[in-house]
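The values are calculated or read from the model by the stated rules, or taken from the named source; none is laboratory data. No experiment lies behind these values; they were computed from the predicted model shown. Cβ sites come from the backbone with ideal geometry, for glycine too, and all protein chains shown count toward neighbours.
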């Protein structure tokens, strides 16, 4: 049985007495989404954009790991990890403005900010990925051709990046307007 008290979950026994020990102590450290977002909107925005990018990266890199894939890495997980880290960084620094009602006043503005964050993630990710590709091949001279080909290849997903960015920004704004998980 779990009781809610001051927006923190407290595990209790059948008699209602508080349980002591391992998981109970860790569970007391948990806070609700709204408390966490108020304390650290940057962290929430970074994780929000990283989570949406993770879903996209698993789909995109999962289906394009064929032998004809231009932007090939040492490991199959490396492009997913780099892409998610880039989204987390850009979301951390720019995405928190979507949670600020003084800076984002409408769904349109949130969607446009989401699109900007998604495309900046790609612009940040591609040079790092091209550099890692060149270094893993042992030829730094392949950096510019690899960067050029990766930008051309990423143009195939630009419409999906736009839709994903808009959806991510809109949903984050929707969470903010609904009192960060509270009642409507």
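Close contacts from the range 86-110, counting a first residue that is in the same structural domain as residue 48 (by TED's automatic domain parsing) and a second that is modelled with pLDDT of 90 or more and surrounded by fewer than 14 Cβ atoms within 10 Å (Cβ to Cβ), with Cβ to Cβ under 8 Å and a gap of 6+ residues or different chains, come to 97/103.
Can you go through 114, 129, 182, 157 and tell me which one is modelled with pLDDT of 90 or more and either in a helix (DSSP H, G or I) or within 26 Å of residue 45 (Cα to Cα) (or both)? Quick ask: steps written out before the conclusion?
On the way: 129 fails: modelled with pLDDT of 90 or more; 182 fails: modelled with pLDDT of 90 or more; 157 fails: modelled with pLDDT of 90 or more.
After applying the criteria, what remains is 114.
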